[in-house]
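All remarks here apply to the structure that follows.
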Amino acid sequence: MASTRASFTIDRALVERARQLNVNLSSAAREGVEAAVRAAMAQADREAYRRRPERPDPFWSEVEAWTES
């Protein structure tokens, strides 16, 4: 996976506490962004489903009838 540099502003006290606890800020930031992206994608998916919910499709019942058991 290719990486890119990013910069952000963070509370000084939080950075100091992270350093005291040996928290890797780069890893923590990466994990936080990944979690935020996953959450945003899930929310977008839920909203899309609300806009266009799935409906029964008689085609699939017909296809199932054609298959052998």
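The values are calculated or read from the model by the stated rules, or taken from the named source; none is laboratory data. Everything numeric here is computed off the predicted structure, so don't read it as measured data. As a convention, Cβ positions derive from the backbone with ideal geometry for all residues, glycine included, and neighbour counts pool all protein chains shown. The accessibility values were calculated without ligands, DNA or RNA, using every heavy atom of the protein model including side chains. Shrake-Rupley method; radii C 1.70, N 1.55, O 1.52, S 1.80 Å.
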Worksheet entry | Matching entry among 38, 17, 5, 30 (being exposed (fewer than 10 other Cβ atoms within 10 Å of the Cβ), basic (Lys, Arg) and either at pLDDT 95 or above or part of a loop (DSSP other than H, G, I, E, B) (or both)) | 5
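When you scan segment 44-52, do you find a residue that is open to solvent by 60 Å² or more (accessible area, probe 1.4 Å) and either in contact with a helix residue (DSSP H, G or I) (Cβ under 8 Å, 6 or more places away or on another chain) or of a type in the set (A, V, I, L, M) (or both), even just one? Talk me through it step by step, then tell me what you get.
Let us first name the residues in segment 44-52 that are open to solvent by 60 Å² or more (accessible area, probe 1.4 Å), namely 45-47, 49-52.
Still in the list and also either in contact with a helix residue (DSSP H, G or I) (Cβ under 8 Å, 6 or more places away or on another chain) or of a type in the set (A, V, I, L, M) (or both): none.
No, segment 44-52 contains no residue that is open to solvent by 60 Å² or more (accessible area, probe 1.4 Å) and either in contact with a helix residue (DSSP H, G or I) (Cβ under 8 Å, 6 or more places away or on another chain) or of a type in the set (A, V, I, L, M) (or both).
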